[in-house]
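Report on the structure given below.
The values are calculated or read from the model by the stated rules, or taken from the named source; none is laboratory data. Note that the coordinates shown come from a computational prediction; the quantities given were computed from them, not determined experimentally. Backbone-built Cβ (ideal geometry, glycine too); neighbour counts: all protein chains shown.
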Amino acid sequence: MDTALTRLAGVRHPVVQTGMGWVAGPRLVSAAANAGALGILASATMTPDRLREAIREVRSRTDAPFGVNLRADAGDAADRVEIMVAEGVRVASFALAPSRELIARLREAGVVVIPSVGARRHAEKVAAWGADAVIVQGGEGGGHTGEVATSVLLPQVVDAVDIPVVAAGGFFDGRGLVAALAYGAAGVAMGTRFLLTSDSTVPDAVKARYLAATVRDITVTRAVDGLPHRMLRTDLVETLERSGRIGLLARALRKAAGFRRLSGLTWPQLVRDGIALKHGKELSWSQVLLAANTPMLLKSAMVDGRTDLGVMASGQVAGVIDDLPSCAELVERIVKEAEEVLEGLTGPRDGRR
Ligand SMILES: Cc1cc2nc3c(=O)[nH]c(=O)nc-3n(C[C@H](O)[C@H](O)[C@H](O)COP(=O)(O)O)c2cc1C
């Protein structure tokens with residue numbers, strides 16, 4: 001399937017494996033790229049040196065183009081952009097709207113800029129600033145997410161901007177791909193579905209929790225970092241939601257102490273990150289502390305396999321996914337199903353439709 005996305009990113013299929021902290025590492029990204037999708041490396045949880053190494057590792061495993069996801073609000077975003085430019089990365093993906101200057105620098109260096117957004121006005125803003133395309137994530141999507149469902153947000157954004165729009169939030173199969181194309185999207189971007197592949201390095205015990213989840217086991221909570229965050233409902237989430245202000249603060253402090261040791265952050269660094277996060281938002285100090293530690297909470301699950309301690313960010317689609325194909329099997333299956341669905345829709349009418 002040839003779309004604006006395949007042409008922009010130079011990939012075979014209009015399918016994106018999104019950047020997911022601690023999940024989208026070199027193994028998953030290169031497997032997705034070799035399968036003909038656009039694989040995106042998650043870099044917010046890497047040091048700049050590790051990012052350079054990870055880019056080289058992906059390159060050693062595939063000749064196909066791939067992308068890197070970064071936090072636009074990271075203090076060192078400009079340095080990370082220079083690493084991407086120097087290493088010849090094809091696509092830059094952003095968790096939040098990047099600045100006009102970052103977009104300009106990337107485009108001048110020939111890097112395709114595809115920010116992720118969760119609202120029409122953000123799509124309009126990055127389009128006006130020169131982004132090449134936009135990934136729009138509906139509320140059913142995993143991780144930090146908005147309130148508007150993909151089926152409402154996607155046509156709204158397609159109508160509002162004249163750059164290619166890639167649909168995210170709730171996609172897992174070929175029917176979804178055709179539906180997204182019907183709405184006017186140039187492809188689909190999937191997080192949870194790629195997390196649940198045999199190529200993802202997420203520990204088996206954690207994958208088993210996702211596979212066992214029903215759609216009702218996936219919730220949106222602000223209890224972890226004060227922002228709407230879609231994840232598996234676990235004892236940790238319920239405890240955080242039940243905790244009063246004092247309990248939450250005590251817990252946050254205990255966690256911060258533990259995570260500070262793990263992450264190597266100093267207390268002043270933690271506090272600085274916290275103040276930056278609190279800026280302009282109505283967050284309590286305990287939420288700020290937990291927010292600063294959210295990457296470590298995600299790591300506990302995604303790397304260390306601690307289903308009891310960690311945050312398992314997840315889209316609602318985990319409730320309908322029950323297998324762990326390889327990326328190659330997954331992408332082939334989606335594209336084949338999409339072609340069959342299209343044929344079924346456009347074939348001769350037999351009176352039933
Ligand atoms: C475990 C997990 C971690 C995520 N981490 C990030 C991240 O670091 N940066 C980002 O832009 N989006 C992140 N997301 C959001 C995804 O990139 C993607 O937009 C979302 O998963 C799409 O919805 P889906 O899960 O229904 O496919 C994450 C999602 C999950 C499930």
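Take PRO115 and decide whether it is in contact (Cβ under 8 Å) with a residue 24 or more places away in the chain, part of a loop (DSSP other than H, G, I, E, B) and within 13 Å of the ligand (Cβ to nearest atom). The answer is no for PRO115. When you look at ARG71, is it modelled with pLDDT under 90 and of a type in the set (D, E, K, R), yes or no? Spelling it out, ARG71 is indeed modelled with pLDDT under 90 and of a type in the set (D, E, K, R). Only one of the numbered conditions (1) surrounded by 18 or more Cβ atoms within 10 Å (Cβ to Cβ); (2) within 14 Å of the ligand (Cβ to nearest atom); (3) small (Gly, Ala, Ser) is not met by ALA127, and that is (2). Test ALA95 against the stated conditions and say whether it is in contact (Cβ under 8 Å) with a residue 60 or more places away in the chain and either more than 15 Å from the ligand (Cβ to nearest atom) or more than 19 Å from GLY10 (Cβ to Cβ) (or both). In short, yes.
For the stretch 1-92, which strands (runs of 3 or more DSSP E) that fit wholly inside it have 1 or more residues that are in contact with a Lys or Arg (Cβ under 8 Å, 6 or more places away or on another chain), under 27 Å from GLY305 (Cα atoms) and within 12 Å of the ligand (Cβ to nearest atom)? If you could, list the steps in order and put the result at the bottom.
Numbers: elements: 15-17, 38-42, 66-70.
Where strands (runs of 3 or more DSSP E) fall fully within the stretch 1-92 and carry at least 1 residues being in contact with a Lys or Arg (Cβ under 8 Å, 6 or more places away or on another chain), under 27 Å from GLY305 (Cα atoms) and within 12 Å of the ligand (Cβ to nearest atom), they are 66-70.
Quick one: how many residues across the stretch 108-124 are out of contact with any Asp or Glu (no Cβ under 8 Å at 6 or more places or on another chain) and buried (at least 18 other Cβ atoms within 10 Å of the Cβ)? Can you show your working first?
Restricting attention to the stretch 108-124, the residues satisfying the condition of being out of contact with any Asp or Glu (no Cβ under 8 Å at 6 or more places or on another chain) are 108-111, 115-124.
Checking the rest, the ones that are also buried (at least 18 other Cβ atoms within 10 Å of the Cβ) come to 111, 115-118, 122-123.
Qualifying residue count for the region: 7.
Which condition number does THR221 fail, the rest of (1) in contact (Cβ under 8 Å) with a residue 40 or more places away in the chain; (2) of a type outside the set (Phe, Trp, Tyr); (3) closer than 20 Å to ARG306 by Cα being met? Every condition holds for THR221 apart from (1).
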